[in-house]
Amino acid sequence: MYDIGIIGGGTAGMTAAIYGQRAGKRTVIIEGTNFGGQITSSTNVENYPGIASVSGSEFSMNLLDQAMKLGAETVVDQVSTVTKEEGMFVLETSEKAYPCRSVILATGVTHRHLGIEKEEKLVGAGVSYCATCDGAFFRDRDVAVIGGGNTALQDAEFLSNYCRKVYLVHRRDEFRGEKSLVKRLEEKENVEFVLSATVKDILGESMVEGLILHNKKTEEDFQIEVSGVFVAIGHIPQNDRFKELVELDEGGFIEAKEDCLTSCPGVFAAGDCRTKEVRQLTTAAADGAVAGLAACKYLAGE
Ligand code: NAP
């Protein structure tokens with residue numbers, strides 16, 4: 001029996017484990033794919049207080065190391081369901097069931113897709129959702145980044161170091177991401193902004209060869225030749241499997257305020273998977289601390 005079962009090994013989940021272990025609780029983190037979460041694909045984190053610059057992968061590996069050294073147990077498996085049974089919760093995976101006295105849902109979010117038919121077909125053949133993972137395959141080639149948030153801006157900057165040309169395609173004429181990043185991109189000779197444009201289709205049958213774009217202002221379609229498309233248009237939650245356990249909002253985020261309490265006593269939600277305004281590395285870490293301590297308080301009063 002674990003005191004705290006944490007679903008999701010990103011920044012929120014690992015921070016919660018650190019707080020749980022330091023409070024003397026037996027903690028397990030169950031992660032479906034790779035420990036680290038979203039931040040691992042960030043080339044350079046420059047807005048975490050006290051750390052001027054660190055790669056996302058180094059940051060998350062340090063966090064994992066810290067949690068494990070404190071005694072947190074780690075499992076790589078998908079939790080399919082969580083059921084409530086007489087004062088405890090059972091976290092079911094394909095391999096095993098983990099009985100826990102409390103649960104922290106820190107499931108993060110997943111990449112939003114463009115929703116174009118060719119997109120799924122050409123994943124790994126030019127379509128990518130991770131510039132840091134796949135950027136090096138496009139050395140000296142022309143690529144497009146889709147999106148206008150910080151991820152798209154960072155991806156465009158990263159790719160501009162490898163690629164011959166980077167088109168940054170955004171559906172509005174103003175970026176959502178930080179002005180300082182936009183300014184750095186404006187100074188890059190091999191980055192071209194394609195604004196007020198949406199992706200209508202991807203060209204190529206077995207490999208990406210280009211994009212058909214639609215200019216929203218002129219209502220005209222036009223083509224660009226690229227061999228890579230990096231989709232960075234935000235993220236969506238994946239909490240459907242918990243909808244019988246906790247309340248979700250209409251977007252699928254777990255209903256929980258800054259105290260990380262959910263509609264089910266003993267179950268807490270931390271990080272990007274819950275309803276919140278700001279989804280940042282700092283707020284994920286903050287949620288991990290709040291949820292970890294809230295779980296300890298719940299266990300003390302059980
Ligand atoms: P985001 O801020 O939600 O931006 C998503 C972008 O994609 C927006 O520009 C949006 O356009 C566009 N978009 C959404 N749906 C689209 C569609 N169907 N077709 C075309 N474009 C679409 O997502 P993000 O950039 O992944 O960032 C998520 C959060 O993480 C943000 O809070 C961000 O600041 C943070 N982040 C932080 C760091 C860091 O700290 N180092 C790095 C990366 C991200 P509109 O602008 O028109 O809505």
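The values are calculated or read from the model by the stated rules, or taken from the named source; none is laboratory data. All values derive from a computational prediction rather than experimental measurement. Every residue, glycine among them, receives a Cβ derived from its backbone with ideal geometry; neighbour counts consider all protein chains shown. With ligands, DNA and RNA removed, areas are computed over all heavy atoms of the protein, side chains included. Shrake-Rupley method; radii C 1.70, N 1.55, O 1.52, S 1.80 Å.
Quick notes on this structure:
- Segment 8-33 - residue that is closer than 27 Å to Asp134 by Cα and in a strand (DSSP E or B) and, of those, farthest from the chain's Cα centre (by Cα): Ile30
- Residue in segment 132-148 that is surrounded by 21 or more Cβ atoms within 10 Å (Cβ to Cβ), within 14 Å of the chain's Cα centre (by Cα), under 22 Å from Ile236 (Cβ atoms) and touching a residue at least 40 places away in the same chain (Cβ under 8 Å) present: no
- Of the residues screened, Leu185 is not one that is in a strand (DSSP E or B), over 30 Å from Ile104 (Cα atoms) and out of contact with any Cys (no Cβ under 9 Å at 6 or more places or on another chain).
- Checked across segment 149-157, the condition of being within 11 Å of the ligand (Cβ to nearest atom), farther than 17 Å from Thr43 by Cα and either part of a loop (DSSP other than H, G, I, E, B) or of a type in the set (Phe, Trp, Tyr) (or both) holds for no residue.
- Flag if Met14 is modelled with pLDDT of 95 or more, touching a Pro at 6+ places or on another chain (Cβ under 9 Å) and crowded, with 16+ Cβ neighbours inside 10 Å: no
- None of Gly124, Gly108 is free of Cβ contacts under 8 Å to residues at least 12 places away in the same chain and not aromatic (Phe, Trp, Tyr) except Gly124.
- Enumeration of residues in segment 28-51 that are open to solvent by 20 Å² or more (accessible area, probe 1.4 Å), in contact (Cβ under 8 Å) with a residue 60 or more places away in the chain and not hydroxyl-bearing (Ser, Thr, Tyr): Gly37, Gln38, Ile39, Asn44, Asn47, Pro49
- Within segment 87-113, being among the β-branched types (Val, Ile, Thr) and in contact with a Ser or Thr (Cβ under 7 Å, 6 or more places away or on another chain) holds for Val90, Thr93.
- Residues of segment 197-225 satisfying the condition of being within 16 Å of the ligand (Cβ to nearest atom) and out of contact with any His (no Cβ under 7 Å at 6 or more places or on another chain): Val199, Asp201, Ile202, Leu211, Ile212, Leu213, His214, Asn215, Lys216, Lys217, Ile224
- For segment 273-297, residues that are among the aliphatic types (A, V, I, L, M), open to solvent by 30 Å² or more (accessible area, probe 1.4 Å), within 16 Å of the ligand (Cβ to nearest atom) and closer than 20 Å to Gln66 by Cβ total 1.
- Wholly enclosed helices (runs of 4 or more DSSP H) of segment 34-140 bearing at least 3 residues of a type in the set (S, T, N, Q) and more than 26 Å from Gly228 (Cα to Cα): 56-69
- Among the residues of segment 38-52, the ones that are near the ligand (Cβ under 10 Å from one of its atoms) and small (Gly, Ala, Ser) come to 2 in all.
- Residue, nearest to Gly20 (Cα to Cα), within segment 104-148, restricted to residues that are within 16 Å of the ligand (Cβ to nearest atom) and among the basic types (Lys, Arg): Arg112
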